[in-house]
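Participant: Before anything else, here's the structure in question.
The values are calculated or read from the model by the stated rules, or taken from the named source; none is laboratory data. Please read these numbers as outputs of a predicted model, since none were measured by experiment. Here Cβ is always computed from backbone atoms with ideal geometry, including for glycine, and neighbour counts include all displayed protein chains. Side chains are part of the model used for accessible areas, which takes the heavy atoms of the whole protein and leaves out ligands, DNA and RNA. Shrake-Rupley method; radii C 1.70, N 1.55, O 1.52, S 1.80 Å.
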Amino acid sequence: MQIEQFEDKGLAHFSYAILSDCAREIVLVDPARDPQPYYDYARQHDARIVCVLETHPHADFVSSHLEIAQTTGAVIRVSKLLGAAYDHEGFDEGQSFTVGKLTFRALNTPGHSPDSVSTVLSREGQDVAVFTGDTLLIGDVGRPDLRETAGHQTAKREELARQMYHSTREKIMQLADDVLVYPAHGAGSLCSKAGSGASSSSIGLEKAENYALQPQSEDDFVKELLADQPFIPKYFGYDVDLNRQGAPAYAPSVARVPRLATGTTPQPGVLVVDARPEAEFKRGHLVGALNIQQGGKFETWLGSIVGPNEKFYLLAADEATLEDLIRKTAKIGYEALVAGGLVGLPSAAATLPELDVEQFRQHPEQYTIVDIRNASEAKAESLFAGALHIPLPELRERAAEIPAGKPVVVHCAGGYRSAAGSSIVAPALPGTSVFDLGEAVKSFQPMAASH
């Protein structure tokens with residue numbers, strides 16, 4: 001038996017291939033949008049993929065379960081509670097299947113979602129590992145606030161938090177301490193608030209170190225779990241529904257994105273996502289363009305700022321970067337929203353001014369300061385007294401709340417988000433100078449005066 005873990009660092013997503021050596025058959029768990037790595041793994045081991053397990057309909061990425069099943073003939077197994085629109089076999093508590101000497105049995109573990117299933121892997125009667133999806137994570141449990149309006153079954157966050165309390169204690173914590181824990185996400189995922197940087201753990205280690213598994217009342221657990229959860233990106237509900245239906249095949253869908261000739265003028269009224277470095281963007285960009293830079297979290301911020309009902313152009317500095325960006329949009333199911341991919345700059349009709357940092361340092365009261373960090377960040381540390389706090393995912397909808405009487409300075413924690421934020425605020429406040437504090441925020445002492 002072999003367990004191979006695949007990691008998508010951009011989305012902090014883990015997927016798995018479990019190989020039965022004797023049967024030369026593979027079971028996949030929570031595969032990412034691009035199925036090619038799993039096909040490559042099967043080919044390398046002269047094995048075939050016979051089953052795809054989905055622990056729940058994922059909110060933060062699009063799964064390739066349907067494409068893999070259609071390509072390989074593998075069976076998709078999911079909970080009947082999921083309401084899957086594709087051919088599948090139900091996989092709920094009391095059900096199991098075997099591959100060679102391996103047995104996979106289902107545990108219904110609602111909490112992150114009403115339809116979450118954890119799968120216990122046994123070899124010759126001995127429990128070896130549990131694939132927990134987003135129920136039990138390393139150092140955390142999955143957030144319970146994503147299924148209030150999305151999916152076949154919905155549930156209020158408090159109800160799901162209470163279900164999580166019972167799922168962890170009555171199901172997962174009943175497994176032996178040496179059973180390995182393989183979750184669907186790690187540190188940096190927006191499916192939880194405090195995940196560890198480790199890629200695997202054990203039941204015993206989680207019982208000893210995971211804050212959510214410590215002895216506490218159900219009410220205390222619910223209160224702690226619901227506190228300070230991160231924002232919910234705009235695309236999460238869209239991905240839940242797309243995964244429940246089954247996404248189109250990855251490579252053909254990416255290929256259908258229009259690649260436009262250099263110099264093509266975007267259609268008026270269609271959003272432009274400019275992924276070039278912020279320094280290039282500030283020197284010249286299309287009026288109204290959003291500067292969501294190419295980087296490790298591009299897809300997360302794209303799906304947090306741009307809604308799943310919006311068409312947009314995607315602009316990159318070069319062909320290779322454009323292709324990478326299109327693949328990233330596909331990871332969250334946004335490739336169908338791309339009106340066209342562009343390289344270079346059709347015209348440089350707008351610029352953003354550079355902040356005189358020393359002037360701002362000496363007279364911050366002469367500026368309106370907008371803090372676009374997440375609520376938990378602003379709560380933990382206020383960098384500028386009197387700053388107006390509007391988290392970046394809400395900024396497009398709330399930019400009109402920013403007063404236009406003084407120059408505006410936008411800041412985050414490290415500069416990536418403030419580049420996007422300043423590109424949102426500037427066209428919303430015509431006639432007002434809008435500055436990006438960028439990385440310079442690191443040189444300021446907390447609670448610098450602002451009036």
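Participant: Answer yes or no: is there a residue in the stretch 169-183 that is assigned to a strand (DSSP E or B), surrounded by fewer than 24 Cβ atoms within 10 Å (Cβ to Cβ) and in contact with a Phe, Trp or Tyr (Cβ under 7 Å, 6 or more places away or on another chain).
Facilitator: no
Participant: Residues in the stretch 330-339: is at least one touching a Gly at 6+ places or on another chain (Cβ under 6 Å) and open to solvent by less than 40 Å² (accessible area, probe 1.4 Å)?
Facilitator: yes
Participant: Of the residues A399, A349, only one is of a type in the set (A, V, I, L, M) and surrounded by 13 or more Cβ atoms within 10 Å (Cβ to Cβ); which?
Facilitator: From the options A399, A349, the qualifying one is A399.
Participant: Select from the stretch 262-301 the residues that are within 17 Å of A320 (Cα to Cα) and polar (S, T, N, Q) and write down the one among them that is surrounded by the fewest Cβ atoms within 10 Å (Cβ to Cβ).
Facilitator: T262
Participant: Of all residues in the stretch 55-74, which are of a type in the set (V, I, T) and more than 13 Å from the chain's Cα centre (by Cα)?
Facilitator: Within the stretch 55-74, the first condition is being of a type in the set (V, I, T), and the residues that meet it are 55, 62, 68, 71-72.
Within the stretch 55-74, T55, I68, T71, T72 qualify.
Participant: Please specify each residue of the stretch 407-424 satisfying the condition of being free of Cβ contacts under 8 Å to residues at least 60 places away in the same chain and either in a helix (DSSP H, G or I) or in contact with a Phe, Trp or Tyr (Cβ under 6 Å, 6 or more places away or on another chain) (or both).
Facilitator: Those that are free of Cβ contacts under 8 Å to residues at least 60 places away in the same chain and either in a helix (DSSP H, G or I) or in contact with a Phe, Trp or Tyr (Cβ under 6 Å, 6 or more places away or on another chain) (or both): P407, V409, S418, G421.
Participant: Given the criterion more than 22 Å from the chain's Cα centre (by Cα) and over 30 Å from T71 (Cα atoms), identify the matching residue among A255, A317, A275.
Facilitator: Matching residue, one of A255, A317, A275: A317.
Participant: When the stretch 1-44 is examined, which residues are found to be part of a strand (DSSP E or B), open to solvent by 10 Å² or more (accessible area, probe 1.4 Å) and over 24 Å from A198 (Cα atoms)?
Facilitator: E25
Participant: Out of R244, R259, report the one residue that is more than 18 Å from E159 (Cα to Cα) and buried (at least 20 other Cβ atoms within 10 Å of the Cβ).
Facilitator: R244
Participant: Looking at V425, V434, V409, can you tell me which residue is hydrophobic (A, V, I, L, M, F, W, C), in contact with a Leu (Cβ under 9 Å, 6 or more places away or on another chain), more than 16 Å from F281 (Cβ to Cβ) and open to solvent by less than 20 Å² (accessible area, probe 1.4 Å)?
Facilitator: Sole residue among the options that is hydrophobic (A, V, I, L, M, F, W, C), in contact with a Leu (Cβ under 9 Å, 6 or more places away or on another chain), more than 16 Å from F281 (Cβ to Cβ) and open to solvent by less than 20 Å² (accessible area, probe 1.4 Å): V409.
Participant: So, one more: Right, P446: at pLDDT 90 or above, surrounded by fewer than 13 Cβ atoms within 10 Å (Cβ to Cβ) and in a loop (DSSP other than H, G, I, E, B) or not?
Facilitator: no
Participant: Let me ask something else. When you look at H45, is it within 21 Å of T132 (Cα to Cα) and not aliphatic (A, V, I, L, M), yes or no?
Facilitator: So H45 does not fit the description; no.
Participant: Let me ask something additional. Out of E224, E206, report the one residue that is surrounded by 15 or more Cβ atoms within 10 Å (Cβ to Cβ), outside any loop (DSSP other than H, G, I, E, B), among the acidic types (D, E) and under 24 Å from the mean Cα position of the chain (by Cα).
Facilitator: Matching residue, one of E224, E206: E206.
Participant: V62 - would you say it is open to solvent by less than 10 Å² (accessible area, probe 1.4 Å), out of contact with any helix residue (DSSP H, G or I) (no Cβ under 9 Å at 6 or more places or on another chain) and not in a helix (DSSP H, G or I)?
Facilitator: No, not satisfied.
Participant: Right, next: Farther than 16 Å from G415 by Cα, out of contact with any helix residue (DSSP H, G or I) (no Cβ under 7 Å at 6 or more places or on another chain), open to solvent by 20 Å² or more (accessible area, probe 1.4 Å) and modelled with pLDDT under 90, is that true of E358?
Facilitator: Taking the combined requirement at face value, the residue does not satisfy it.
Participant: Quick one: what pairs do we get from the stretch 346-361, first residue within 29 Å of F444 (Cα to Cα), second modelled with pLDDT of 90 or more and of a type in the set (K, R), C-beta under 6 Å, 6+ apart or different chains?
Facilitator: L352/K282
Participant: Further question: Test A212 against the stated conditions and say whether it is assigned to a helix (DSSP H, G or I), of a type in the set (G, A, S), over 25 Å from A17 (Cα atoms) and under 24 Å from the mean Cα position of the chain (by Cα).
Facilitator: yes
Participant: While we're on this one: Can you tell me which residue within the stretch 134-168, out of those that are without any contact (Cβ under 8 Å) to a residue 24 or more places away in the chain and either open to solvent by less than 50 Å² (accessible area, probe 1.4 Å) or part of a loop (DSSP other than H, G, I, E, B) (or both), is farthest from A184 (Cα to Cα)?
Facilitator: K156
Participant: Continuing with this model, one more query. Would you mind telling me which numbered condition in (1) closer than 17 Å to R143 by Cα; (2) of a type outside the set (D, E, K, R); (3) open to solvent by 60 Å² or more (accessible area, probe 1.4 Å) L190 fails?
Facilitator: Unmet for L190, out of (1) closer than 17 Å to R143 by Cα; (2) of a type outside the set (D, E, K, R); (3) open to solvent by 60 Å² or more (accessible area, probe 1.4 Å): (3).
Participant: How many residues are at pLDDT below 95 and within 22 Å of the chain's Cα centre (by Cα) if we restrict to the stretch 278-299?
Facilitator: 3
Participant: Go through the stretch 79-133 and count every residue that is surrounded by 24 or more Cβ atoms within 10 Å (Cβ to Cβ), assigned to a strand (DSSP E or B) and small (G, A, S).
Facilitator: 2
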